[in-house]
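The values are calculated or read from the model by the stated rules, or taken from the named source; none is laboratory data. Since this is a predicted model, take the numbers as computed values, not measurements. Here the Cβ positions follow ideal geometry from the backbone for every residue, glycine too, while neighbour counts run over all protein chains shown.
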Amino acid sequence: MLICRFAVGEDIWFGAVDGLDDDDQVTDESIVAPIEGHPFVDIRPEGSVMKLADVRLLAPVIPSKIVCVGKNYREHAAEMDSEAPDEPLLFLKPSTAVIGSGDPIDLPWQSEQVEHEGELAVVIGRMCKDIPIDRVDEVVFGYTCANDVTARDLQKSDGQWARAKGFDTFCPLGPWIQTELSPADADLTVRVNGEQRQHGGIDAMVHDVPAVVSYVSSCMTLLPGDVILTGTPEGVGPLTDGDLVSVGISGIGTLTNPVRSAAP
């Protein structure tokens, strides 16, 4: 099932998406059925149906925290002149970095080298701590596309990653949550202005989804709606004013964001 979060005027709803084409793209027949309450609790259709083209998609979830895994693909670690770590390398992004599909990524004046990093994002559905690997499926609500936007020059100059990863708009999520994905069977593709920049199978992760979720939960309590970004394949590259960047994951859909310069 595809679960989105959307706005109609000033009203915000969760909804179930249907009618996509075989490539998980929106068509004239695509619809959304509003859900009463919160889908993490109970998915109960409200009773009406709207055309997806007539609503404004929002980030599918606003997490209490975004936990990210660095260097989780060997080829990406190599392009960063590094090696993949033996254990997941964790860092955090603030919830204020979250935007939805269609929202602009703002290039901060402090950086001259902002780059895209397309990633699979895991959405947690239940509070958990110290979850065993073989029970991770019990706490995962679903999966969505993410872009771990990074100010690469600041990442290098600061010596730690909080500022480089934490600017407002630096965590696009969406366009919706797929609750029935098998991550190991999915492929990820990033395009900038239609040109392919990144492509790889999710199964190339050094630490797979169950290992990552279990490891993160051994460090901190995960709450419903929390998001874990699982790393990016090779091919990260620059974003400039006027670009259009998309992160597509087979079985989910495509997260697309325009890029613009932010005024100081």
Study note, to complete from the structure: If we keep only residues of segment 109-118 that are surrounded by 18 or more Cβ atoms within 10 Å (Cβ to Cβ) and under 18 Å from ALA162 (Cβ atoms), then the residue nearest to the chain's Cα centre (by Cα) is GLU117
Point to revise | Selection status of LYS156, part of a helix (DSSP H, G or I), in the same structural domain as PRO85 (by TED's automatic domain parsing) and within 14 Å of the chain's Cα centre (by Cα) | key: no
Review point. Going by the structure shown, is ASP148 without any contact (Cβ under 8 Å) to a residue 24 or more places away in the chain and either within 19 Å of the chain's Cα centre (by Cα) or crowded, with 17+ Cβ neighbours inside 10 Å (or both)?
Key: no
Check your understanding: Taking ALA164 and the conditions (1) aliphatic (A, V, I, L, M); (2) in a loop (DSSP other than H, G, I, E, B); (3) farther than 28 Å from ASP185 by Cβ, which numbered condition does it fall short on, given that it satisfies the others?
Key -> (2)
Check your understanding: Within segment 186-264, which strands (runs of 3 or more DSSP E) (wholly inside it) include 3 or more residues that are surrounded by fewer than 17 Cβ atoms within 10 Å (Cβ to Cβ) and at pLDDT 95 or above?
Key -> 195-201
Check your understanding: Looking only at residues in segment 16-25 that are hydrophobic (A, V, I, L, M, F, W, C) and outside any loop (DSSP other than H, G, I, E, B), which one is surrounded by the most Cβ atoms within 10 Å (Cβ to Cβ)?
Key -> VAL17
